[in-house]
Amino acid sequence: MIEQPHPQTTTSGTSTDGWTTLIDTSWEIGGGSESYWCATKTFHEDLYINAFRPLGSTGTHHTLLLWSHGNLPDSENVCGPTLHESLLYASGIGTDDLVFPEGVALKIPAGTQLLLNLHLFNTTTDPLPGISGTLVKTLAPSEVKQEAEMIMPGASGISVPPNSPGSVQGDCAFPGDATLMSVWPHMHKYGTHMRVTHQMNTGEVTLHDGSFSFTEQKNYPITPVPVLTGERIHFECSYMNTTSKTIGFGISSDDEMCFLGLYRYPKLASACQ
């Protein structure tokens, strides 16, 4: 893989069906290797995003799009894993389009720099080149009624015994009233199932209860659900370890994760209490 940073080159323009390239980057990774590649891009006008579509060549394990807190010139370079609460979009293998309800958009203010973080995994013996990034559809400011945000709570206490099933649970208590509109489960090769519930004083409502496929990491839009301050979104990830070693939390495809991407509006002061 290219080791030296170089000026970023991204494509732009709107296709006939309204999708625009928000950010993309070219990369190359050696045979049988796993690595990370980053690109940054600064936006000079306000942008209101109503839909996301992943752009990922073969070898793209997952894509994270984050708010960058740096002020360096836009660039592309080898990097490491980046995963924290400043996410605005994430996709994995087989992730489908994510479309918000009418009038709901995620705002990128003028002057914002975004960071594209790619986890690359080449299972072949030959060098593998590719282009990965994010496409979007946008709204005019006059069309925006609610400003959305993404949060991605997770659970790290994963320990699945050899040749056995296992599970881990996590919670996110909302720090303010908000409306939840989509869930995106993320695990790795041994993930089999995720259940997501909205827990209230009066009981719980199931928001998602389905099998998980590492090669088909879909978004699951839901009928918008009001979540009040202090109410919890609870999630449980299930696994089947088919190896002779214990599987724990980690960034490699051969480790496991349990993360839940949530889109809600309006923006709140923090992700979870």
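The values are calculated or read from the model by the stated rules, or taken from the named source; none is laboratory data. Model, not experiment: these values are computed from the prediction. Methodologically, a virtual Cβ is constructed for each residue, glycine included, from the backbone with ideal geometry; neighbour enumeration extends over all protein chains shown. We work out accessible area using only protein heavy atoms, side chains counted, and drop any ligands, DNA or RNA first. Shrake-Rupley method; radii C 1.70, N 1.55, O 1.52, S 1.80 Å.
When the chain is treated as a Gaussian network with alpha carbon springs shorter than 10 Å, the biggest mean-square fluctuation among Pro221, Pro54, Pro141 belongs to Pro141.
Under 16 Å Cα-Cα from Lys267, which lysines qualify once same-chain neighbours fewer than 8 residues away are excluded? Of all the lysines, those that pass the test against Lys267 - Cα under 16 Å, at least 8 places apart if same chain - are Lys107, Lys145. Using a cut-off of 17 Å between alpha-carbon atoms, which aspartates and glutamates can reach Lys245, once sequence neighbours fewer than 8 places away in the same chain are excluded? Of all the aspartates and glutamates, those that pass the test against Lys245 - Cα under 17 Å, at least 8 places apart if same chain - are Asp254, Asp255, Glu256.
The HN-Hα couplings worked out from phi for region 172-187 by the Karplus form 6.51 cos²θ - 1.76 cosθ + 1.60 (θ = phi - 60°) are 9, 8, 6, x, x, 5, 7, 10, 8, 10, 6, 10, 9, x, 9, 9 Hz, whole numbers, x standing for Gly and Pro. Computed over Cα pairs, the Kirkwood radius of the chain leads via Stokes-Einstein (1.306 mPa s, 10 °C) to a diffusion coefficient of 82 µm² per second. Cysteines of the chain lacking any other cysteine Cβ under 4.7 Å from their own Cβ: none, as each has such a partner. The calculated FRET efficiency for the pair Thr229 and Ile131, based on their C-beta separation and a Förster distance of 35 Å, comes to about 0.25. In plain terms, the C-alpha convex hull of region 115-194 casts an average shadow of 9.6 nm² when viewed from every direction.
Counting protein heavy atoms only, the chain has 51 percent of its accessible area on carbon and sulfur, 1.4 angstrom probe.
Need one number: the % of Cα-Cα pairs in region 153-243 sitting beyond the 24 Å mark.
24 percent
In terms of Cα atoms, the Rg and Dmax of region 49-188 work out to 17.2, 55 Å.
Average the reciprocal distances over every distinct pair of alpha-carbons in region 217-273, invert the result, and give the Kirkwood radius in Å.
Taking the inverse mean of 1/r over all distinct Cα pairs, region 217-273 comes out at 14.7 Å.
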